[in-house]
Amino acid sequence: WGRAFEEMGHDVRLIPPVYVKPFVKRQKNDVADAEAIVEAAMRPTMRFVAVKTEDQQARAMLFRTRQMFVGQRTQMINALRGHLAEHGLVAARGPAQLKTLAHAIADDDTGLHAEVRELGQMYLEQIEGLNARVAELDAKMRCAAQKAEVVRRAQTMPGVGPVTALAIETFAPDLATFKRGRDFSASCDTHAFGMTLGLVPKQHSTGGKARLGKTSKMGQRDIRTLLVSGAMAVLQAVERFDTPNNGWLKRLLTPKPRMVAAIALANKMARGLWAMMTKQEDYQNPAATMA
């Protein structure tokens, strides 16, 4: 609808419902809602949501479809594990243990009932079909990631792959709308897009005393999840291969749990991505810069 109204020459402003709710007076009805929307739109500090393009909506559907198939695959694997555990066949959690269950179902020495084997085979066929669907969608994502220059540039940063780069291009607005990288990784203080990544702690500060709580986890969960996953991969590489020029991460990992270090690194990656996109520069390796 926003695109349709823009084609008619209107200035479209999308407001998150959570920002309109404080302006609703007394009881909720259509008149009160309309009045609250007008009142919220007139506020000079209101945060608006950018109108997505058709390509962005199509790629968003691609992400959501892949997530649905992955969730269904996990549900099928857990169901198969639960059923076989009742018949004395226990396996560890995770998709990697699916081969163990498949071999046990095919092995006659396990002593499983014939109907249990038949039903287990049905589960395995459904899981295999979902694996094929997920692989097909992954191939589409990689193909889409090769076409856009912005996506290619984002992949030059360690921990950012095709899926993460494509998610930033799909779900995030033009990063130039943010005044600084901290606004992109924390909270947006511009009027262009009311989005947060939830990579900062919650605040309950008053009287000049800062009180920080747990990570907020608000805002765009897709980008946040992928950035944290990429940060965990970078931390694993630092721990296993002792990569150079990662003194900050090594010092952080010594007193802090790995997840805390991953959140801090994901925040730093978000700020770095903002700098790369706004300056139109690829990621600069610290070792190459020092040399």
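The values are calculated or read from the model by the stated rules, or taken from the named source; none is laboratory data. Nothing here was measured: the structure is a model prediction, and the numbers come from that model. Because the Cβ atoms are built from the backbone with ideal geometry, glycine has one as well, and the counts that use them run over all protein chains shown. When the accessible area is computed, the model is the full protein with side chains, heavy atoms only, and any ligands, DNA or RNA have been set aside. Shrake-Rupley method; radii C 1.70, N 1.55, O 1.52, S 1.80 Å.
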| Under the rule of -39500 (n - 2.57) per DSSP H run of 4 or more residues, summed and divided by the residues of the chain, what mean residue ellipticity at 222 nm is obtained, to the nearest 500 deg cm²/dmol? | -19000 deg cm²/dmol
| said: Can you give me the distance in nm between label points at Met259 and Asn285, each placed 7 Å from the Cα along the Cα-to-Cβ direction? | reply: 3.4 nm
| Qualifying chymotrypsin sites (Phe, Trp or Tyr not before Pro) in region 1-34, DSSP loop, other Cβ atoms within 10 Å at most 12 | Trp1
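Per residue, what accessible area does region 19-109 have, given a 1.4 Å probe and all protein chains present, in Å²?
70 Å²
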| Spin-label proximity, Ala91 to region 71-85 - amide N less than 15 Å from point 7 Å beyond Cα toward beta carbon | 73-85
| Convex hull over the alpha-carbon atoms of region 1-42: what's its volume per residue in Å³? | 77 Å³
| task | Roll a 1.4 Å probe over the protein heavy atoms and report the accessible area of Thr53 in Å², nearest 10. | result | 70 Å²
| So who's got an amide H within less than 5 Å of the one on Val49, skipping anything under 5 residues away but keeping other chains? H placed 1.01 Å off N, in plane. | Leu14, Ile15, Gly194
| said: About the Cα centre, and with charges only on the beta carbon of Lys, Arg (+1) and Asp, Glu (-1), how big is the dipole of region 1-138? Nearest 20 debye, please. | reply: 860 debye
| request: Heavy atoms only, probe 1.4 angstrom, no DNA, RNA or ligands counted: give me Val160, Val49, Val90 ranked by accessible area, highest first. | output: Val90, Val49, Val160
| request: Output the DSSP H helices from the chain with an along-axis C-alpha extent of no less than 20 Å and a mean Kyte-Doolittle hydropathy no less than -1.0. | output: 54-86, 114-145, 221-241, 258-279
| query | Taking 0.36 nm per residue of separation and subtracting the Cα-Cα distance, what length does fully extending Arg211 through Ser229 add? | reply | 3.7 nm
| query | Heavy-atom accessible area of His204 with all protein chains present, probe 1.4 Å, nearest 10 Å²? | reply | 140 Å²
| So how much accessible area does Leu137 have, in Å² to the nearest 10, using a 1.4 Å probe? | 20 Å²
| What would the Debye formula give as log10 I(q)/I(0) at q = 0.15, 0.19, 0.26 Å⁻¹ for the alpha-carbon point model of region 54-145, no solvent? | -0.62, -0.84, -1.31
| Reach of Lys147 by Cα under 29 Å, taken over lysines that are not fewer than 8 positions away in the same chain | Lys52, Lys179, Lys268, Lys279
| query | Quick one: if you stick a label point 7 Å off each Cα along the C-beta vector at Val70 and Lys25, how many nm between them? | reply | 4.7 nm
| task | Can you list which of the trypsin sites (Lys or Arg not before Pro) found in region 140-181 are DSSP loop residues with at most 10 other C-beta atoms within 10 Å? | result | Lys147
| query | Can you work out the FRET efficiency for the pair Asp138 and Lys99, with r the C-beta to C-beta distance and R0 = 22 Å, to the nearest 0.05? | reply | 0.60
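For region 86-123, which trypsin sites (Lys or Arg not before Pro) are both in a DSSP coil and crowded by at most 16 other Cβ atoms within 10 Å?
When the trypsin sites (Lys or Arg not before Pro) of region 86-123 are filtered for loop state and at most 16 Cβ neighbours within 10 Å, Arg93 remain.
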| request: Set the Förster distance to 41 Å, then compute FRET efficiency between Met122 and Leu14 from the Cβ-Cβ distance, nearest 0.05. | output: 0.35
